[in-house]
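Please treat every number below as a calculation from the coordinates, not as lab data. Values in this document were obtained by computation on a predicted structure and should not be read as measured data. Reconstructed Cβ throughout: ideal geometry from the backbone, glycine too, with neighbour counts over all protein chains shown.
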Amino acid sequence: PRLSEILNLHDFEAVARQVMPDKAWAYYSSAADDEITHRENHAAFHRIWFRPRILRDVTKVDWSTRILGHQSSMPVYITATALGKLGHPDGELNLTRAAAKHGLIQMIPTLASCSFDEIVDAADAAQVLFFQLYVNKDRSITKRIVEHAEARGIKALFITVDAPQLGRREKDMRQKFDAEDPSEVSKAGQGNVDRSQGAARAISSFIDPGLQWADLDWFRRITKMPLILKGVQCWEDALEAYDRGLAGVVLSNHGGRQLDFARSGVEVLAEVVAQLKERRGLKFPNEKFQLFVDGGVRRATDVIKAVALGATAVGIGRPFLYAYSSYGPDGIDKALQILHDEFEMNMRLLGARTIAEIVPEMVDASNIHTH
Ligand code: FNR
């Protein structure tokens with residue numbers, strides 16, 4: 001289909017499935033085991049309903065916001081996804097350029113296809129970038145990566161904590177990872193590369209399964225960047241992160257690619273907000289401890305629901321990969337334009353003129369447990 005026929009973010013997935021090379025499609029679309037969590041991620045949003053307000057002057061609506069103190073044109077950021085060149089020769093740079101054009105923040109992955117410096121160099125001088133970190137068994141490598149990221153102006157460090165071992169993504173495992181492929185991760189093989197079990201396994205053997213809470217003190221010493229844990233899945237760990245002085249947590253199951261039967265991020269959000277209110281008197285959204293959600297976000301209404309429940313912003317992964325893999329830079333541009341259009345219309349229909357006006361009373365989340 002022509003790009004003008006694409007009406008929503010789901011459409012990109014359907015096109016990508018048809019036009020992407022098998023190996024790339026398998027890596028981007030795959031999820032763990034029976035992919036139950038992957039399916040649940042988007043479905044969970046269907047259990048939350050709106051309670052719109054009427055007769056407010058909604059001529060002007062503004063969905064811009066601040067994420068960790070930085071301006072963003074919407075409460076959305078581009079989350080970290082590895083191996084950007086599997087889908088398009090420019091890889092992650094497609095995302096960097098689109099982020100500049102649309103005033104969004106991009107989270108650069110440790111396992112990008114383009115080198116870290118290539119991505120930072122492609123960004124505008126004023127553009128805000130975050131960095132996603134996989135922690136290496138060899139801490140001297142991690143230290144070097146973190147210090148370099150800070151020196152290059154990265155504004156926040158998202159430490160992935162839901163992947164002590166990569167999940168079993170069988171669709172991906174059926175496609176062997178070809179080390180000769182130019183889309184191989186930049187500086188791949190931070191350790192021995194086993195190509196027999198797909199791209200994910202091949203590039204992830206350096207990740208330290210021994211990572212623990214006490215290691216966060218070490219991170220605190222080596223960097224001034226705000227630290228956020230990516231992949232928190234219950235209130236107990238969110239509370240621990242808060243008590244240890246972190247800047248926030250991403251309630252995420254890694255797009256369903258890690259533990260199958262992990263709950264959706266938006267479901268975890270509801271319990272985290274309830275429990276941290278009860279136990280620490282916190283109110284969300286909160287400047288000092290920010291909550292993020294990712295997984296299955298495909299519509300501005302999904303984003304609005306998460307914001308109403310207390311999230312500062314949400315991450316979107318696959319739809320942007322599918323968009324640029326199918327249509328190049330115009331695809332990702334269109335994806336973001338669609339989101340902006342959806343924000344304008346849905347905020348009007350909801351009676352919220354600003355992000356601050358999207359309040360908990362505007363959703364009925366009574367189908368979701370708060371434990
Ligand atoms: C990811 N994700 C991810 N997360 C991370 O911390 N480090 C990584 O290297 C990757 N790589 C990666 C590759 C691909 C192809 C996907 C689809 C995802 C997880 C990602 O940051 C995020 O949690 C999910 O993608 C969000 O779900 P949606 O938006 O893809 O449904």
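Over region 274-358, the fraction of Cα-Cα pairs per 5 Å bin, rounded to whole percents and listed from the shortest bin up, is 3, 13, 20, 20, 17, 13, 8, 4, 2, 1. For residue 108, nonlocal amide neighbours, meaning residues 5 or more places apart or on other chains whose placed amide H falls under 5 Å from its own, are 130, 131, 132.
Mind running the shape call on region 213-371? Use the C-alpha gyration tensor, a ≥ b ≥ c as the square roots of the eigenvalues: rounded below 1.5 for a/c, prolate if a/b tops b/c, oblate otherwise. Cα axes put region 213-371 in the oblate bin. Projected onto its three principal axes, the C-alpha set of region 112-176 covers 41, 25, 17 Å, listed from the longest axis down. Scalar couplings 3J(HN,Hα) for region 143-155, obtained by applying the Karplus form with A = 6.51, B = -1.76, C = 1.60 to θ = phi - 60°, are 4, 5, 4, 5, 5, 5, 4, 5, 4, 8, x, 5, 9 Hz; x denotes Gly and Pro.
Footprinting exposure proxy ranking of 304, 368, fewest other C-beta atoms within 10 angstrom first, gives 368, 304. For region 60-155, a simple Cβ point-charge model (Lys and Arg +1, Asp and Glu -1, everything else neutral) yields a dipole of about 260 debye relative to the Cα centre. In this structure the amide hydrogen of residue 76, modeled in the peptide plane, comes within under 5 Å of the amide hydrogens of 314, none closer than 5 places in sequence on its chain. Farthest toward the positive end of the dipole of the chain, out of 286, 145, 246, is the Cα of 286, where the dipole comes from beta carbon charges about the Cα centre. Backbone amide hydrogens, once placed in the peptide plane, bring residue 230 within less than 5 Å of 159, 160, 161, 250, excluding anything fewer than 5 places away on its chain.
Entry note: region 315-371 has Rg to Rh equal to 1.13, where both radii use alpha-carbon atoms and Rh is the Kirkwood radius. In region 188-302, the ratio of gyration radius to Kirkwood radius, Rg to Rh, stands at 1.02 when only Cα atoms are counted. As a proxy for reagent exposure, ranking 249, 146 by other Cβ atoms within 10 Å from fewest up yields 146, 249.
For region 33-102, the normalised intensity computed at q = 0.26, 0.27, 0.29 Å⁻¹ comes to -1.11, -1.12, -1.16 (log10 of I(q)/I(0), Debye sum over alpha carbons, equal scatterers, no solvent).
For the chain, a simple Cβ point-charge model (Lys and Arg +1, Asp and Glu -1, everything else neutral) yields a dipole of about 560 debye relative to the Cα centre. For region 70-76, the Karplus equation 6.51 cos²θ - 1.76 cosθ + 1.60, evaluated at θ = phi - 60°, returns couplings of 10, 5, 9, 6, 7, x, 9 Hz by residue, with Gly and Pro reported as x. Expressed as a fraction of 2.2 N^0.38 Å, the value expected for a compact globular protein of N residues, the C-alpha radius of gyration of the chain is 0.93.
Take the convex hull of the alpha carbons in region 5-132; its mean projected area over all directions comes to 11.1 nm².
Among residues other than residue 362 with Cβ under 15 Å from its Cβ, the summed charge is +2 (Lys and Arg +1, Asp and Glu -1). Counting neighbouring Cβ atoms within 10 Å and putting the fewest first, the residues 176, 305, 288 line up as 288, 176, 305.
Over 32 Å apart at the Cα level, from the set 23/230; 137/288; 85/283; 85/288; 137/334, are 85/283; 85/288; 137/334. Using a ≥ b ≥ c from the Cα gyration tensor of region 239-293 (square roots of the eigenvalues), is it rounded, prolate or oblate, where a/c under 1.5 gives rounded and otherwise the larger of a/b and b/c decides, a/b for prolate? Taking the square roots of the gyration eigenvalues as a ≥ b ≥ c, region 239-293 is prolate. Of all DSSP-defined beta bridges confined to the chain, some 20% are antiparallel rather than parallel.
With K and R counted +1 and D and E -1, the other residues having a Cβ less than 14 Å from that of residue 230 yield a net charge of -2. Note that region 269-275 has calculated 3J(HN,Hα) couplings of 3, 4, 6, 5, 4, 5, 6 Hz, one per residue in order, obtained from phi through the Karplus relation 6.51 cos²θ - 1.76 cosθ + 1.60 (θ = phi - 60°); glycine and proline are x.
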